[in-house]
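One structure below.
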Amino acid sequence: MKAEELVPLLGAHPFLDGLPAAHLARLAEGAFARSFPEGAFLLREGGEADALYLLAQGRVTLEIHRPGRDAVQVESLAGGDILGLHWLFPPRRWVLDARAVTPVRSIGLDAAHLRACSDADPALGYAVSLRLLRQLYARLERVRMQRLDVYGAEP
């Protein structure tokens, strides 16, 4: 897909909602459409963290492997969510696996391009950073609720 075709798809994703058209066009220069069939891995633990994925459709499970035991599901994501935050900081390696539970459609943002755009245009970098912080906060809240086991059987 050409960058011009990706601009409206980027603008339609909740993560980039409200981002100015010029910023969307800049991000689209390093964007790519990617689909994954059910059961495919979107990321593998230890692999190079080279993209931020905007999930458009489908469901993804995040898993951590335990030596000699089954993988543990730590979170589920769906269309409208983002996937892959480890591209931000060295060593830029994935720390878990992400597996498609259903067929997944996504738009990937090349991490090197995203970092370069953010460095070159502080307004764009700030806008992306705020969105990433909102995502991190929401995920921390979900983990907090899981740890509290608010639906547990104990009184």
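Annotations for the structure displayed:
- Identity of the residue in segment 86-112, more than 20 Å from ALA12 (Cα to Cα) and in contact with a helix residue (DSSP H, G or I) (Cβ under 8 Å, 6 or more places away or on another chain), that ends up least open to solvent (accessible area, probe 1.4 Å): TRP87
- Here VAL60 fulfils each of the conditions (1) touching a helix residue (DSSP H, G or I) at 6+ places or on another chain (Cβ under 9 Å); (2) in a strand (DSSP E or B); (3) more than 22 Å from SER118 (Cβ to Cβ) apart from (1).
- If you filter segment 45-85 down to residues that are open to solvent by less than 80 Å² (accessible area, probe 1.4 Å) and among the polar types (S, T, N, Q), you find that the one that is nearest to GLN135 (Cα to Cα) is SER76.
- Residue check, PHE41 of a type in the set (Phe, Trp, Tyr) and either in contact (Cβ under 8 Å) with a residue 60 or more places away in the chain or farther than 26 Å from GLN146 by Cα (or both): no
- Count of residues meeting criterion [among the polar types (S, T, N, Q) and surrounded by fewer than 17 Cβ atoms within 10 Å (Cβ to Cβ)] in segment 113-134: 1
- Hey, GLY80 under 15 Å from PHE15 (Cβ atoms) and in contact with a Pro (Cβ under 7 Å, 6 or more places away or on another chain) or not: yes
- Residues of segment 10-19 that are over 15 Å from the mean Cα position of the chain (by Cα) and in contact (Cβ under 8 Å) with a residue 60 or more places away in the chain: LEU19 alone.
The values are calculated or read from the model by the stated rules, or taken from the named source; none is laboratory data. Owing to the predicted nature of the structure, the values given are computational and were not obtained by experimental measurement. Here the Cβ is made from the backbone with ideal geometry for all residues, glycine too, and neighbour counts use every protein chain on show. When the accessible area is computed, the model is the full protein with side chains, heavy atoms only, and any ligands, DNA or RNA have been set aside. Shrake-Rupley method; radii C 1.70, N 1.55, O 1.52, S 1.80 Å.
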